[in-house]
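The values are calculated or read from the model by the stated rules, or taken from the named source; none is laboratory data. As the structure is a prediction and not an experimental result, all values here were calculated from the model. Every residue, glycine among them, receives a Cβ derived from its backbone with ideal geometry; neighbour counts consider all protein chains shown. These accessible areas exclude ligands, DNA and RNA; they are computed on the full protein's heavy atoms, side chains included. Shrake-Rupley method; radii C 1.70, N 1.55, O 1.52, S 1.80 Å.
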Amino acid sequence: QAQLVESGGGLVQAGGSLRLSCTASGIAFSFYTMAWYRQAPGKQREFVAQISRGGNTNYADSVMGRFTISRDDALNSACLQMNSLKPEDTALFYCSAVRLSVYWGQGTQVTVSS
């Protein structure tokens, strides 16, 4: 059974950094595109970043230049390095694995104080 577990969220001041991790089990990880989404209170879930099985990356305009997505297929993990955090980055961050099926983690909370 597929399972994605996020970690690394927390409370940080504006301008600070956090590194989110997503560890997968039950899937052939290297074949999946890995992505991060976020959902702020009262808003829809939105795309943040993704990395393909070949290492190609895409980012939302709002995080371009501040966030970096990476993957380690040997560890079945994907990470999101978040720098220069802003209060508007406050959200529940979800990891997603996409191939023929889409799997989601439970989310990790990121709170950025001003």
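Things worth noting here:
- Less than 5 angstrom separates the built amide H of residue 48 from those of 36, 37, 38, all sequence-distant by 5 or more or on a different chain.
- Label-point separation, residue 62 to residue 3 (7 Å along Cα→Cβ), nm: 3.1 nm
- Anisotropy class of the chain from Cα gyration tensor, a/c 1.5 cut: prolate
- Taking all protein chains into account, the per residue accessible area for the chain stands at 53 Å² (1.4 Å probe).
- Within the accessible area of the chain (1.4 Å probe), percent carbon and sulfur: 46 percent
- Exposed trypsin sites (Lys or Arg not before Pro) absent - longest run of the chain, DSSP non-H/G/I/E/B, at most 13 other C-beta within 10 Å: 44-98
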